[in-house]
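To start, the structure under review is shown below, and the notes come after it.
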Amino acid sequence: MIKMKKTLRFLLAFLIAFALMMVVRAVGLAIYTIDGPGLEPAFQAGDRVVVNRWSYGLRVGGKDSFFNYGRLVRQPIQKGEIVAFENPQNTSQLLICRCTALPGDTVSHGGQTLLVPSLKDCADADYYWMESINPSNAVDSHTLGFIAEEFVIGRAVMVIYSREPQAPLWKGWRTERLLLPI
């Protein structure tokens, strides 16, 4: 009887810990893998990056949701921050770029000067201009255009660990990138 109580307590503690971890992953922090050269040399393919989902306010609702898009405790994105966002053309693809222009700023693209749309300019949302660090990357605002705030997930805060892609499990670990703040 005593052994069964200990087992049940352990099982209950394990289930509670698992549930808390799932809640933190769903609304607090998420880990994403860098899989391309677009952010080199700051990030390398194989880096596991922690993204703070609360950095710009918790995103609720959106395009594929029952609820309209909104943010709880909204905070503005700052120029120069490394931002994780969904590709507007393929929302299952996550992108990480540096924010180089805020709503109301102007950018030069293709020989034209463009105004980054904002709610103040009667746009349907605030938009941002996101650029990869490595200019050879093809997936950023140069190809996607302005990124609407509803696609922004959060700010990248740390490289938790890094492993060379395609390396065997016991090789390719980059210990110098372990818990590297961004």
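Points worth noting:
- The HN-Hα couplings worked out from phi for segment 114-123 by the Karplus form 6.51 cos²θ - 1.76 cosθ + 1.60 (θ = phi - 60°) are 10, 8, 6, x, 9, 4, 5, 8, 6, 6 Hz, whole numbers, x standing for Gly and Pro.
- Counting only lysines at least 8 places from Lys79 when in the same chain, those with an alpha carbon closer than 26 Å to its own are Lys63, Lys120.
- From helices alone, the chain scores -5500 deg cm²/dmol at 222 nm; the rule is -39500 (n - 2.57) for each run of n ≥ 4 DSSP H residues, then divide by the residue total.
- For segment 82-182, the set of trypsin sites (Lys or Arg not before Pro) satisfying both a DSSP loop assignment and a count of at most 14 other C-beta atoms within 10 Å is given as Lys171.
- Segment Leu15-Ile2, extension gain: residue separation times 0.36 nm, minus the distance between their alpha carbons: 2.7 nm
- Each distinct pair of alpha carbons in the chain adds a 1/r term; the inverse of their mean, the Kirkwood radius, is 18.3 Å.
- Karplus-derived 3J(HN,Hα), 6.51/-1.76/1.60, for each residue of segment 94-105, Hz, glycine and proline x: 9, 10, 10, 9, 8, 7, 10, 8, 9, x, x, 6
- A Gaussian network model of the chain, with springs between Cα atoms under 10 Å, assigns the largest mean-square fluctuation among Tyr161, Tyr127, Tyr69 to Tyr69.
- Pair Gln78, Leu102: separation of 7 Å Cα→Cβ label points (nm): 1.0
- Separation of segment 6-56 from segment 75-143 is 25 Å, based on Cα centroids.
- Between Glu164 and Leu119, the modelled labels are 4.8 nm apart [label points 7 Å from Cα along Cα→Cβ].
Throughout, read-outs are computed from the coordinates displayed, never taken from laboratory work. Given the structure is predicted, the values throughout are model-derived calculations rather than measurements. Don't worry about glycine lacking a Cβ; one is built from the backbone with ideal geometry, like all the others, and counts go over all protein chains shown.
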